[in-house]
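These notes are about the structure you will find just below.
Just so it is clear, none of the values below were taken in a lab; they were calculated from the coordinates. The shown structure was predicted, so the numbers you read here are calculated from the model rather than taken from an experiment. Cβ: placed from backbone, ideal geometry, glycine included. Neighbour counts: every protein chain shown.
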Amino acid sequence: MWLYKMHFAGDREFITCDPWGYQDAASVERELPYLESLLSFLELDISVLTPIITEICENWERFFSTGDREFSTRAMQLLGQLTAQHVYFHLLYLLWFERTAREQLGPEMADELRLLPAQLTAYQKQAQSFVERILDLDRAGRDTRKNLSENYRFDQPQDPDLFCFQTIPVSFEPVREGGCAEVLYPNTIRDVIDFSLRECVRREIPVRRCRNCGRYFPLTGRVTAEYCSRPNPGRKPCRNSGAALAWENEKSKNLIFKEYRREYKRHFAWIRMGKYTEEDFTAWSLRARAKRDECEAGQLTLEEFKDWLKGS
């Protein structure tokens, strides 16, 4: 009855879902940068979501014990709120929507939900390990297929901490962007993670941590790219601002070094003038370098560093 499907095209990914199974008039249609749904899932704090999931379970349990539909309605409302946290949770909502509409509900299903936080945490760890050991260009190298073959025997990882691939429901069909593509019709959140990881290896697209925000981003263009263009609410994409920030940082460090170098020369001259011994100068330079490092690390302002130099 319901519809949830996903595919990749170029440097974008597309997710469509609808509780009544409409293809051309779906209630949710998301167009995201390539791999954004997976990377944003890896950054989710599952502990923040756990109280919501627990409350959903409690409402289903009350419904199963009392038959009061007020509890099932509340559970569905909370599942709807969960979809705002991540696009993957639309799939969870649709599964429960169909069960409710078909009146195919049972107490064991609440137990299934209670396992969800632990499952999501495990998926995160396994997928994160896969990203680091198979896809990370700077840690694992550019050859993603070679990295995969070194870490897997057929579809099974040699290390249980790595993601384990399984059979997933994939179709091949025309897509709205033109041409045809593999389209996933997932039954579980795990299916979506599986599809995203294998797509990166199939297309040989590595990832890298952004020099500005520190988040992973896919290298769909130049492999020399150092700044991401991932969505970052309230801020410009790092690709637009990262280079400028790096330049400002280097400029700041140059000013710090300039102040340090000026005072270094002055103190060194005092040795020739007889105001300082070599031992005094060595002790001062050690303290000055430590203060310089603190300033570069942001523990001291430039003005505080200059004041220290003048008073030293």
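Each label point was placed 7 Å from the Cα along the Cα-to-Cβ direction; for Ala122 and Gln81 their separation is 2.8 nm. Modelled spin-label separation between Thr188 and Gln156, with each label point placed 7 Å from Cα along the Cα-to-Cβ direction: 1.8 nm.
By the beta-carbon count within 10 Å of each Cβ, the least crowded to most crowded order of Ile46, Ile271, Ile205, fewest first, is Ile271, Ile46, Ile205.
Relative to a virtual label point 7 Å from the Cα of Gln166 in the Cα→beta-carbon direction, which members of the stretch 117-139 show backbone nitrogen distances below 20 Å? In the stretch 117-139, the label zone of Gln166 (backbone N under 20 Å from the point 7 Å along Cα→Cβ) covers 117-131. Under the convention that each Lys and Arg Cβ holds +1 and each Asp and Glu Cβ holds -1, the size of the dipole of the chain around its Cα centre is about 1920 debye. Each of Ile52, Ile15, Ile256 was scored by other Cβ atoms within 10 Å of its Cβ. Listed from fewest to most, they are Ile52, Ile256, Ile15.
With R₀ fixed at 22 Å, the C-beta to C-beta distance from Ser27 to Arg176 puts the FRET efficiency at about 0.85. Projected label points at Lys265 and Leu302, each 7 Å from Cα along the beta carbon direction, are separated by 1.8 nanometres. Fully extending the segment from Leu255 to Glu279, taken as 0.36 nm per residue of separation minus the present Cα-Cα distance, adds 5.9 nm.
Each residue of the stretch 24-134 gets 120 Å³ once the volume of the Cα convex hull is shared out per residue.
Shape class for the chain: prolate, because the ratio a/c of the largest to smallest gyration tensor axis (alpha-carbon atoms, square roots of eigenvalues) is 1.5 or more and a/b beats b/c. Loop exposure criterion: GluC sites (Glu not before Pro), DSSP state outside H, G, I, E and B, at most 15 other Cβ atoms within 10 Å. Applied to the chain, the longest stretch between such sites is 205-312. Put in line by how crowded their Cβ is, counting other Cβ atoms within 10 Å and starting with the fewest, Leu35, Leu95 read Leu95, Leu35. Shown for the stretch 156-229 is the translational diffusion coefficient from the Stokes-Einstein equation, using the Kirkwood radius over Cα pairs, a temperature of 4 °C and a viscosity of 1.567 mPa s: 89 µm²/s. Full extension of the chain between Arg99 and Glu226 yields a length gain of 41.1 nm, computed as 0.36 nm times the residue separation minus the alpha carbon distance.
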